[in-house]
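**Student:** Can you read through this structure? Questions will come right after.
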Amino acid sequence: MRPIVAIVGRPNVGKSTFFNRVTGRRISIVEDTPGVTRDRIYADCTWMGHAFTLIDTGGLELFSEDVLYSHMREQALAAADLADVIIFIMDGRNGLTAEDYDVADTLRRCGKPLVLAVNKVDHINQEDIKFDYYGLGLGEPFTMSAVQGMGIGDVLDEAVAAFPEDADDEENEEEDDSTIKIAVVGKPNAGKSSLVNALLGEERVIVSDIPGTTRDAIDSRLTVDGQDYLLIDTAGMRRRARIEQNSIERYSVLRSLTAVRRCDVAILVVDAQDGISEQDAKIAGYCHDEGKATVILLNKWDLVEKDEHTLEKMKNEVYTTLSFMTYAPILSVSCKTGQRITRVLEQVKDVFAKSRFRTTTGVLNDVIQDAVAAVEPPSDKGRRLRILYGTQAREVPPTFILFVNDSRLMHFSYQRYLENYLRKTFDLEGTPIRVLCRDRDDKD
């Protein structure tokens with residue numbers, strides 16, 4: 001296993017800036033506001049040939065009674081307990097505080113190697129600041145500027161030197177392409193974080209009745225029956241008009257959209273109490289446009305008053321609203337009680353395999369001939385559409401190109417008919433498919 005390095009400190013000391021600098025990507029949201037980062041955010045990194053996993057955490061407020069700060073405290077301490085090395089970041093601009101002493105005492109009891117990093121030291125003439133931090137009794141402090149990148153190498157050198165002797169190095173690390181990446185998307189407070197926690201079997205991300213609790217896209221790894229999964233919990237996506245242009249939530253939504261782009265399967269979590277909404281349809285449309293296999297979960301099913309027809313009625317409502325996504329399977333679950341949660345990953349694995357469907361040109365053309373024989377192609381002014389042959393251009397999503405005598409004769413309704421015929425014949429439930437037309441003389 002890769003060694004784990006946890007970044008811990010009080011709010012607004014620059015932990016996320018340091019995290020983004022080391023990873024080389026803007027993974028954590030950075031804002032000059034305390035409490036922006038809330039959950040544990042993981043990223044794999046390398047330094048001087050050593051591979052490790054870096055964890056960004058929320059600000060550690062030990063004595064705050066605020067609900068979210070208490071959750072953030074639990075997440076930060078859980079990361080410290082999990083880590084092989086802890087990087088304790090402090091604010092060199094504001095100086096050593098009583099709260100720093102309290103955090104230092106808490107981290108000392110973890111019994112893990114500690115690296116002291118005094119951040120926001122932006123000029124070499126300010127390095128004498130570090131002598132104040134020897135008073136913590138935790139060893140040598142290192143000054144740095146996460147914004148400018150100064151001194152970060154010294155901090156990482158110290159962290160790497162404290163790794164366990166049996167830690168894997170970069171040469172032994174191999175990228176595993178078999179991992180299924182799952183983006184959990186939906187409106188605020190639909191139960192996305194509860195789903196992630198239910199699948200993991202632990203309180204990995206903060207769950208609260210307060211909409212917008214999750215802000216970053218949070219990665220969690222899981223292995224079930226020999227299959228590796230990467231769960232990406234995302235921020236709830238509200239209507240654009242309700243999001244302030246420069247707000248933290250705007251960055252959260254951008255992270256969520258990026259998570260959809262890099263996933264293999266999207267899970268759309270819908271609040272079964274509220275039913276399918278216009279915003280759910282917009283989120284589903286984004287997944288469809290990105291060509292992602294999708295599973296729809298009706299969460300909070302335990303709270304719905306139902307009879308023997310309730311599920312069927314709600315499925316019809318969902319497919320009516322999401323008329324472009326009738327291929328997506330629907331599961332009714334309760335993340336709180338665990339009802340049917342075990343079926344979620346089974347469904348994900350199934351639609352993932354179908355999104356990578358591949359057939360031969362011969363079989364495809366036989367199916368197209370059957371489709372044409374069943375329903376005659378459209379005609380216009382005496383000219384009838386003729387499909388000369390078809391071929392599969394790509395997977396993910398399955399994309400088929402049909403070469404025809406005149407692509408202008410292909411009516412969208414007949415194109416939709418061909419999509420549905422191919423989906424039914426090849427059993428492609430759960431994944432979008434693309435049917436494209438090309439004129440026979442089109443070299444491109």
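The values are calculated or read from the model by the stated rules, or taken from the named source; none is laboratory data. This structure is a prediction, so every number in the text was calculated from the model and none was measured. Please note: Cβ atoms are built from the backbone with ideal geometry, for glycine as well, and neighbour counts cover all protein chains shown.
**Student:** Being among the β-branched types (Val, Ile, Thr), out of contact with any Gly (no Cβ under 8 Å at 6 or more places or on another chain) and at pLDDT 90 or above is the filter here, so list the residues in the stretch 277-309 that pass it. Full working, then the answer.
**Tutor:** Step one: list which residues in the stretch 277-309 are among the β-branched types (Val, Ile, Thr), which gives 283, 294-296, 304.
Next cut, out of contact with any Gly (no Cβ under 8 Å at 6 or more places or on another chain) only: 296, 304.
Correct list: 296 only.
**Student:** If residue 340 satisfies every condition in (1) exposed (fewer than 13 other Cβ atoms within 10 Å of the Cβ); (2) under 30 Å from residue 266 (Cβ atoms); (3) of a type in the set (Lys, Arg); (4) modelled with pLDDT under 90 but one, which is the exception?
**Tutor:** (1)
**Student:** Further question: When only residues in the stretch 292-327 that are out of contact with any strand residue (DSSP E or B) (no Cβ under 8 Å at 6 or more places or on another chain) and of a type in the set (D, E, K, R) count, which is surrounded by the most Cβ atoms within 10 Å (Cβ to Cβ)?
**Tutor:** Only one residue tops the list, namely 306.
**Student:** Among the residues of the stretch 113-123, are any in a loop (DSSP other than H, G, I, E, B), more than 30 Å from residue 267 (Cα to Cα), in the same structural domain as residue 72 (by TED's automatic domain parsing) and modelled with pLDDT under 85?
**Tutor:** First, pick out the residues of the stretch 113-123 that are in a loop (DSSP other than H, G, I, E, B): 113, 120-123.
With the extra rule that they be more than 30 Å from residue 267 (Cα to Cα), the set shrinks to 113, 120-123.
Pick out the ones that are also in the same structural domain as residue 72 (by TED's automatic domain parsing) and you get 113, 120-123.
With the extra rule that they be modelled with pLDDT under 85, the set shrinks to 122-123.
Among the residues of the stretch 113-123, at least one is in a loop (DSSP other than H, G, I, E, B), more than 30 Å from residue 267 (Cα to Cα), in the same structural domain as residue 72 (by TED's automatic domain parsing) and modelled with pLDDT under 85, which makes the answer yes.
**Student:** Same structure again: Checking the condition over 28 Å from residue 140 (Cβ atoms), over 23 Å from the mean Cα position of the chain (by Cα), at pLDDT below 85 and not acidic (Asp, Glu), which residue from 36, 67 passes?
**Tutor:** 67
**Student:** What number of residues within the stretch 355-367 satisfy the criterion of being surrounded by fewer than 21 Cβ atoms within 10 Å (Cβ to Cβ) and within 22 Å of the chain's Cα centre (by Cα)?
**Tutor:** Within the stretch 355-367, residues that are surrounded by fewer than 21 Cβ atoms within 10 Å (Cβ to Cβ) and within 22 Å of the chain's Cα centre (by Cα) number 1.
**Student:** Output the number of residues of the stretch 235-276 satisfying the condition of being in a loop (DSSP other than H, G, I, E, B) and either modelled with pLDDT of 60 or more or in contact with a Phe, Trp or Tyr (Cβ under 7 Å, 6 or more places away or on another chain) (or both).
**Tutor:** The initial filter retains those residues of the stretch 235-276 that are in a loop (DSSP other than H, G, I, E, B), namely 235-239, 243-247, 263-264, 272-276.
In the following step, the residues that additionally are either modelled with pLDDT of 60 or more or in contact with a Phe, Trp or Tyr (Cβ under 7 Å, 6 or more places away or on another chain) (or both) were identified as 235, 263-264, 272-276.
Matching residues across the stretch 235-276 total 8.
**Student:** Can you confirm whether residue 93 is modelled with pLDDT of 80 or more, among the basic types (Lys, Arg), within 25 Å of residue 129 (Cα to Cα) and touching a helix residue (DSSP H, G or I) at 6+ places or on another chain (Cβ under 7 Å)?
**Tutor:** Details: modelled with pLDDT of 80 or more: yes; among the basic types (Lys, Arg): yes; within 25 Å of residue 129 (Cα to Cα): yes; touching a helix residue (DSSP H, G or I) at 6+ places or on another chain (Cβ under 7 Å): no.
Answer is no for this residue.
**Student:** Let me ask something else about it. Just need a number here: residues in the stretch 401-444 that are of a type in the set (Asp, Glu) and in a helix (DSSP H, G or I). Write out each step before concluding.
**Tutor:** We begin by selecting, within the stretch 401-444, every residue of a type in the set (Asp, Glu); these are 406, 419, 427, 429, 439, 441-442, 444.
Now narrow it down to the ones that are in a helix (DSSP H, G or I): 419.
Adding up the residues that qualify gives 1.
**Student:** Specify which of the listed residues (354, 349, 381) is free of Cβ contacts under 8 Å to residues at least 12 places away in the same chain and over 21 Å from residue 315 (Cα atoms). Even if it seems obvious, please write down each step before you answer.
**Tutor:** Working: 354 fails: free of Cβ contacts under 8 Å to residues at least 12 places away in the same chain; 349 fails: free of Cβ contacts under 8 Å to residues at least 12 places away in the same chain.
The conditions single out 381.
**Student:** Does residue 84 satisfy being over 17 Å from residue 142 (Cβ atoms), under 31 Å from the mean Cα position of the chain (by Cα), modelled with pLDDT of 85 or more and in the same structural domain as residue 16 (by TED's automatic domain parsing)?
**Tutor:** Spelling it out, residue 84 is indeed over 17 Å from residue 142 (Cβ atoms), under 31 Å from the mean Cα position of the chain (by Cα), modelled with pLDDT of 85 or more and in the same structural domain as residue 16 (by TED's automatic domain parsing).
**Student:** Next question, about the same structure. In the stretch 384-408, which residues are without any contact (Cβ under 8 Å) to a residue 24 or more places away in the chain and surrounded by 18 or more Cβ atoms within 10 Å (Cβ to Cβ)?
**Tutor:** Of everything in the stretch 384-408, just one residue is without any contact (Cβ under 8 Å) to a residue 24 or more places away in the chain and surrounded by 18 or more Cβ atoms within 10 Å (Cβ to Cβ), namely 387.
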